[in-house]
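Please treat every number below as a calculation from the coordinates, not as lab data. This structure is a prediction, so every number in the text was calculated from the model and none was measured. With ideal geometry, Cβ positions are generated from the backbone for all residues, glycine too; neighbour counts draw on all protein chains shown.
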Amino acid sequence: MYNYLVITASYWGFTLTDGALRTLVLFHFFKLGYSPFTLAFLFLLYEAAGIIANLAGGWLASRFGIRRMLVLGIGLQIGGLLFLSLLNPAWGAAVSVIWVVAAQGVAGVAKDITKTASKSAIKITSVDGNNQLFRWVAWFTGSKNATKGIGFFVGGLLLTTVGFKSALWLLVALLVVILVACFMALPAGLGVSNASKSVKELFSKSTGVNILAGARIFMFGARDVWFVVGLPVFLYSAGWDFWAVGGFLAAWTIAYGAVQALAPALVPRSPDGLRRELPAACLWIVVLTFVPAVLLLLLELGEAVPLERETIVIISLLVFGLPFAVNSSLHSYLILAYAGSRKAAEDVGFYYAANAGGRLIGTLLSGFLYQAAGLSGCIAGSLLMLAICSLLTFGLLRLADDPLDGRS
């Protein structure tokens, strides 16, 4: 329990800086006149690096232990923030974009190494079977996203009050404190196990892990395709200030995290941890898919709907948050339920590599679709991705007849 609390607290602090960094970069460069697609491009390496970082992070956590990987992830985040703070306003647009993309790449590696190590630790420190595992995963995931929401607000507030560079230095100071505390509080050997000896072994996953990884790609792509660039730019274009957009995104993410933490109360439980949870995952993904479908219809009806487009989008986003949070929490639990106990970190890393792939696709499409077709284009992309995610999730049902099928 002690190790779980230390890891959770460390990840809270890291996630706050990660959320603040996202808002700082997005709004700082939007204010400088960058197009929506260019804004999405700034996060390209951040998301792409996460694919490799998750795979490597899982393997490294098994080989060298969770404490070392947490320290490495936090240290990389400090380096990425300092690197970004060296950006010179006098540089041309091309050099500035390359510099920011590189800095974001470091931050992406840092985030996913830290996340993989932290979530793997939950599997290792849980001692009371699937009931405790679901509760711990839900609380960890929910509280992490609530903290990230606070980070969105902090980023917007810092950009407004102290400026871009000073905000980065303040985030570095916070991370230094977290790094020292994490190193001193955690045992060195936590999570060390037999790592895979070949690439083939590393990628040889169970059926359940593979299906969940595929579903994760499209579920998080469906969120980020309108959340990363389209929604913030839409709200700012509607007359909102930076701090107001950051505050709204913060409030949404905090509420989303709270629902994630409460997800175990909304999902029927079974003794084996899968027989009822898998049908619940199918039900909730269908509910989620209906939200962008209805939103797209309302946006296309235009003046026939007696509400402003801005109001429709805000209400829909609030509705979207509930089933998305439950789905995310369910998937985060299921991957640990299917993960092999001897190589949990590697299975988790593989799964979150797929998560990073989905975020990468969603981020690029968010900028491209918003520039090409506005927010409606982003919502249409979200709907298509969720439809594919639903088909993959229903593929898990065949494992319900034999709950051990597909486990490592």
For this session: State, to one decimal in nm, how far the label point of Ala372 lies from the label point of Ile314, with both points 7 Å from Cα in the Cβ direction.
Result: 3.0 nm
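Please list 7-14, 265-272, 108-115 highest first by mean number of surrounding beta-carbon atoms within 10 Å per residue.
Details: 7-14: 22.5, 265-272: 13.9, 108-115: 27.1.
Top to bottom by mean Cβ count within 10 Å: 108-115, 7-14, 265-272.
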Exercise. Quick one: Karplus J couplings for region 246-262, per residue in order, coefficients 6.51, -1.76, 1.60, θ = phi - 60°, nearest Hz, x for Gly and Pro?
Worked result: x, x, 5, 4, 5, 4, 4, 5, 5, 5, 4, x, 5, 5, 4, 5, 8
Seminar exercise, completed: Taking a ≥ b ≥ c as the square roots of the Cα gyration tensor eigenvalues, with a/c under 1.5 meaning rounded and otherwise prolate when a/b beats b/c or oblate if not, region 258-340 comes out prolate
Problem set entry | For region 18-28, Karplus couplings with θ = phi - 60° (6.51, -1.76, 1.60), whole Hz, Gly/Pro x | 5, x, 5, 4, 4, 5, 4, 5, 4, 7, 4
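May I ask you to list the trypsin sites (Lys or Arg not before Pro) in region 281-343 that are in a DSSP loop and have at most 14 other Cβ atoms within 10 Å of their Cβ? Provide the component values of the computation, followed by the final result.
Numbers: sites: Arg309, Arg342, Lys343; in loops: Arg342, Lys343.
Qualifying residues, ordered by number: Arg342.
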For this session: Can you pull the one-decimal nm distance between simple spin-label points at Lys165 and Phe290, each 7 Å off the Cα toward Cβ?
Result: 5.3 nm
Exercise. Arranged from highest to lowest average of other beta-carbon atoms within 10 Å per residue, in what order do the peptides 29-37, 207-215, 317-325 appear?
Worked result: 207-215, 317-325, 29-37
Exercise. For the peptides 363-375, 235-247, 81-93, 219-231, what is the packing order when you average, over each peptide's residues, the other Cβ atoms within 10 Å and list the highest mean first?
Worked result: 219-231, 363-375, 235-247, 81-93
Exercise. With each run of n ≥ 4 DSSP H residues scored as -39500 (n - 2.57), what mean residue ellipticity at 222 nm is computed for the chain after dividing by its residue count and rounding to the nearest 500 deg cm²/dmol?
Worked result: -28500 deg cm²/dmol
For this session: Assuming a ≥ b ≥ c are the square roots of the Cα gyration tensor eigenvalues, decide whether the chain counts as rounded (a/c under 1.5), prolate (otherwise, with a/b larger than b/c) or oblate.
Result: oblate
Seminar exercise, completed: Leu266 and Ile52 label points (each 7 Å along its Cα→Cβ direction) are spaced in nm at 3.7 nm
Exercise. Once phi is turned into ³J(HN,Hα) by the Karplus curve 6.51 cos²θ - 1.76 cosθ + 1.60 with θ = phi - 60°, what whole-Hz value does each residue of region 84-98 show in order, with x for glycine and proline?
Worked result: 5, 5, 7, 4, 9, x, 7, 5, x, 4, 5, 5, 4, 4, 4
